[in-house]
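The values are calculated or read from the model by the stated rules, or taken from the named source; none is laboratory data. Treat the numbers as computed from the prediction; the structure is a model and nothing was measured. In this analysis, Cβ positions are derived from the backbone assuming ideal geometry, glycine residues included, and neighbour counts consider all displayed protein chains. Please note that ligands, DNA and RNA were not included when accessible areas were found on the heavy atoms of the full protein model with its side chains. Shrake-Rupley method; radii C 1.70, N 1.55, O 1.52, S 1.80 Å.
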Amino acid sequence: MAGLGLPLTPRILHLGFGGFARAHTAAVVDRMNAALPPGAPGWGIVAARLHSGRAALDALDAAGGHYALVEADAEGERLLDIGSVVATLHPARDGAEALPDAIAASGLALVTLTVTEKGYGVADRVLDRTRPEIAADLDGAGWQSVPGLLVEGLARRRAAGRGGITLLSCDNLSENGRLLARAVENMARARDPALAEWIARSCAFPSSMVDRITPAPDAASRALIARLKGVEDVNGIVTEPFLQWVIEDCFAAERPPLDLGGATFVDDIRPWEAMKLRMLNASHTMLAHLGGLMGLATIDACMAEPLLRRAACRLMLDEAAPTLAGADLSGYAAALISRFANPRLGHRCAQIATDTSQKLPPRLLAPVTWHLDHGGDWPVMALAIAGWMAWARGVDESGRPLPLSDPLADAIRAAASGPDGAAHVAAMLSLSAIFPPMLAADPGFAAPVRAAYLSLRQKGVRATLAEILA
Ligand code: CS2
């Protein structure tokens, strides 16, 4: 572990310290530390990456844990210096033992995670034993997966006689805390049932909803940071002014007062998560694929295309909102449309269109299932699913290549290599890791998706949207 000697106590371990964590989690902790009463010890983050990103962590060490955060929108930009990181960890630099040892460290109270949907190693909400890294960890040899790492660290904690901790998922999955608890429970039980019981008794897995649109850094964001800060910063990150973190209030060890940093503690997270996944993230997935097929590069370019903008409104208000309880959903939708139109972000369709196999179930299949149960209409959601199926064929409407980056890329490519038309839809629906077989076999589901796909292929995105929105 590379210590940075800041006057903060390392009490939070963050797994997956990439751009989103720099713009969101670490920024909230930084703001919280600044608001603590004088004399109260600040909460330091040990920032860890599991695979890539070693050079960025080295640079963070060299900068004393500090980096630039720029909040930008049409109104202007604000440069902040974030200093909540006290140390960094990378297994390729610090060894495979360093991460489980950090989980077992005596002062640790909280592990936060942004490891993306695929990092949980689950399918159908249980541990997916067909994934090689999960199978290897179930055999008990070291750790390769996130659940394997957590269980190894918690086993060391228990063996050292230390108390339980809180494991807080910050990924876009419904009931992400339950999902993480299940993955850890499955892994622990396979290794040692007594450990699984200790974890269930001593640790907590709150669910949380995180929201801040944060594009992957690119040349433009790096240039903006260099201009504002006066020097380059490889950990610098450009994001939007908006930030939301809603956290289920069930902690095992001491709870950091994250509300001082802008987070909200609630008893029931489910309405918040469903609202964000089905309105924001579902629209993102729809816009990214349909916009990408039309040759548009970014979400703000999609918002400048009236048909796509109307499709996003329709998806949010007519198709997602009826499946949700409470709150001011039309105000939320209006705010989302203006956030999507932020001209300073350059949020790339191709970035959002990654890992869609993991994103379809919580964002689109869950609300569509609600409509199938309640007799509702979901034409834009059908088009969103069909848009991903069209993207999977690898070219946009002008024949330019579209990238496919997905943990199921091989299976998707194989399914997409057959004949086009209804046969292509059938092949995609047969990917049972995405579409539960009962759903794929339901004509109420398959027929609208097929019709949307055939229309996209025969008439194109524009004409199909115009028809649906007429
Ligand atoms: C996006 C999200 O990449 C994606 O799939 O939908 O990362 C989105 O930007 C965030 O959830 C916003 O909080």
(message) Quick check: net charge around residue 223, other residues with Cβ under 15 Å of its Cβ, Lys/Arg +1 and Asp/Glu -1?
(response) 0
(request) May I ask you to compute the full-extension gain from residue 80 to residue 395, defined as 0.36 nm times their residue separation minus their alpha-carbon distance, rounded to one decimal in nm? (result) 109.4 nm
(request) Take every Cα pair under 8 Å in the range 3-266 that's 6+ residues apart, average their separations, divide by the length, and report that relative contact order as a whole percent. (result) 23
(request) Set the Förster distance to 35 Å, then compute FRET efficiency between residue 35 and residue 228 from the Cβ-Cβ distance, nearest 0.05. (result) 0.90
(request) Determine the calculated [θ] at 222 nm for the chain from helices alone, applying -39500 (n - 2.57) to every DSSP H run no shorter than 4 residues and normalising by the residue count; nearest 500 deg cm²/dmol. (result) -13000 deg cm²/dmol
(request) Please give the FRET efficiency for residue 447 paired with residue 366, using the beta carbon to beta carbon distance and R0 = 22 Å, rounded to the nearest 0.05. (result) 0.65
(message) Full-extension gain between residue 250 and residue 410, please, as 0.36 nm times their residue separation minus the C-alpha to C-alpha distance.
(response) 53.7 nm
(request) Can you bin the chain into rounded, prolate or oblate? Criterion: square roots of the alpha carbon gyration tensor eigenvalues sorted a ≥ b ≥ c, rounded for a/c under 1.5, prolate for a/b above b/c, oblate for the rest. (result) prolate
(message) Accessible area per residue for the range 354-413 in Å², computed with a 1.4 Å probe and the full protein assembly in place, what is it?
(response) 37
(request) Could you state the angle between the C-alpha long axis of helix 176-191 and the longest principal axis of the C-alpha atoms of the chain, as a value from 0 to 90 degrees rounded to the nearest 10? (result) 60
(message) Before I look further, what does the range 3-266 give for accessible area per residue, probe 1.4 Å, in whole square angstrom?
(response) 37
(message) Looking at the chain, identify the longest residue range that excludes and avoids all GluC sites (Glu not before Pro) in DSSP loops having at most 16 other Cβ atoms within 10 Å.
(response) 255-396
(request) For residue 359, list the aspartates and glutamates whose Cα falls under 15 Å from its own Cα; do not include residues on the same chain fewer than 8 positions away. (result) 117, 124, 171, 175, 273, 406
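Which FRET efficiency value, to the nearest 0.05, do you get for residue 373 and residue 334 by plugging their Cβ-Cβ distance into 1/(1 + (r/R0)^6) with R0 = 41 Å? Walk me through the numbers before you get to the answer.
Details: r = 28 Å, r/R0 = 0.69.
Result of the calculation: an efficiency of 0.90.
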(request) Place a +1 charge on the Cβ of each Lys and Arg in the chain and a -1 charge on the Cβ of each Asp and Glu, then give the dipole magnitude about the Cα centre in debye, rounded to the nearest 20. (result) 380
(request) Can you tell me the 0 to 90 degree angle between the C-alpha axis of helix 379-391 and the longest principal axis of the chain, rounded to 10? (result) 80
(message) How would the range 3-266 be classified by its alpha-carbon gyration tensor: rounded, prolate or oblate, with rounded meaning a/c under 1.5 and the a/b versus b/c comparison settling the rest?
(response) prolate
(request) Place +1 on the Cβ of every Lys and Arg and -1 on the Cβ of every Asp and Glu in the range 270-469, take the dipole about the Cα centre, and give the residue among 441, 357, 289 whose Cα lies farthest towards its positive end. (result) 289
(request) Starting from the Cα gyration tensor of the range 1-123, take the square roots of the eigenvalues, sort them a ≥ b ≥ c, and report rounded, prolate or oblate (rounded when a/c is under 1.5, otherwise prolate if a/b is larger than b/c, else oblate). (result) oblate
(request) Lys and Arg at +1, Asp and Glu at -1: add these up for the other residues within a Cβ distance under 13 Å of residue 200 and post the number. (result) +2
(message) Using only the alpha-carbon atoms, how far is helix 329-340 inclined from the longest principal axis of the chain? Give it as 0 to 90 degrees, nearest 10.
(response) 80
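Please compute the net charge surrounding residue 183, taking Lys and Arg as +1 and Asp and Glu as -1 over other residues with Cβ under 15 Å from its Cβ. If you can, show how the numbers build up before the last one.
Details: positive: 118, 125, 129, 131, 178, 182, 189, 191; negative: 117, 124, 128, 133, 137, 152, 171, 175, 185.
After counting each charged neighbour, the total is -1.
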(message) How much length would be gained if the chain were fully extended between residue 469 and residue 270, taking 0.36 nm per residue of separation minus their Cα-Cα distance, in nm to one decimal?
(response) 68.6 nm
(message) Contact order normalised by length for the chain, with contacts defined as Cα pairs under 8 Å and 6 or more residues apart; what percent is it?
(response) 14
(request) Measure off, as a whole percent, the carbon and sulfur share of the 1.4 Å-probe accessible area of the chain, all protein chains present. (result) 54
